[in-house]
1. With a point put 7 Å past each Cα toward its Cβ, work out how far Q219 is from D167 in nm, to one decimal.
2. Against the longest principal axis of the chain, how steep is helix 143-157, in degrees 0 to 90 to the nearest 10, with axes from Cα atoms?
3. Give me I64, I189 sorted ascending by neighbouring Cβ count inside 10 Å, so fewest comes first.
4. Once you put a point 7 Å from the Cα of R32 and another 7 Å from the Cα of R13, both along the Cβ direction, what distance in nm separates them?
5. If the range 127-213 were replaced by its equivalent ellipsoid, with semi-axes equal to the square roots of 5 times the Cα gyration tensor eigenvalues, what would those be, largest first, whole Å?
6. Considering only C-alpha atoms, what is the centroid distance from the range 78-112 to the range 8-54, in Å?
7. Just from its helices, what would the mean residue ellipticity at 222 nm be for the chain, if runs of 4 or more DSSP H residues each count -39500 (n - 2.57) and the sum is divided by every residue, rounded to the nearest 500 deg cm²/dmol?
8. When only alpha-carbon atoms are used, what values of Rg and Dmax, in angstrom, describe the chain?
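Values in this text are rule-based calculations from the coordinates and carry no lab data. Note that the structure is predicted; figures quoted are calculated from it, not measured. Ideal geometry is used to build each Cβ from the backbone, glycine not excepted, and the neighbour counts take in all protein chains shown.
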Amino acid sequence: MNIRTHDSDEALRDPLPPNPMPIFRAWFDQARADGNQPNPNAFSLCTVGPDGGPSARIVLCKQIEDDAIVFFTNYTSRKGGEISEHPRVAAVFHWDHADRQVRIEGTATRTGEAESDAYFVSRRVISRLGAWASEQSRPIESREALMERVGEVMLRFGVPIEALTDDTIKADIPRPPHWGGWRIRIARIELWQGGDGRLHDRAVWERVADAWSVPVRLQP
Ligand SMILES: Cc1cc2nc3c(=O)[nH]c(=O)nc-3n(C[C@H](O)[C@H](O)[C@H](O)COP(=O)(O)O)c2cc1C
């Protein structure tokens, strides 16, 4: 069965372009437009702990910029603590149906408060409640205890129960101070397009002095 939706030859032709981001954006947009995976903006985020050990988890990319990507999370989560201590991170996007991956290495910094606020208010009520109720990555004794915490937050902000299921009901829930965005400034990006017979196309760009280095093609 051939489930590929794209011709593997169409992307990384010689000469490689001086800027990788238009291709990255085009792949990202294409994955969204294809509509065959629920979270085409998902990527694996790898962080490093105090003992040098790596850990990875999926998060959602909410913005692609000229030399950065942005995601949102709880700053006091495991990943949040690790990034605060060790801001160099790695990220991998994988679009299986298109036989593509994008590998990023970079340095994370917190987004501004206004930027985090702007994204937070756009989230569904249940997600905003969850951001207050969940001490992400910390143990909790039961599911019930977690739901009790959600109930407490609803009382605190006067959120009616219907708002959980009816997105038209407005609720005034401010952004918790421990929740916000991280901007990963890209130091290195590899675009990978699968090819027949494992003769994949791979090319790497590095960010040097605020400009993209001359791209380098890698063997598959
Ligand atoms: C498809 C998908 C998308 C997710 N998006 C996010 C996200 O954008 N932010 C986030 O904090 N966690 C997200 N998660 C949950 C994380 O994978 C992870 O469980 C959580 O952030 C705790 O990670 P940590 O304990 O390493 O900090 C997502 C999980 C999945 C499966």
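1. So the two model labels end up 5.0 nm from each other.
2. Around 70 degrees separate the two axes.
3. In increasing order of surrounding Cβ atoms, one gets I64, I189.
4. 2.6
5. The answer is 43, 18, 15 Å, longest axis first.
6. Comparing the Cα centres of the range 78-112 and the range 8-54, I get a distance of 11 Å.
7. That calculation yields -7500 deg cm²/dmol at 222 nm.
8. Both quantities, over Cα of the chain: 19.9, 60 Å.
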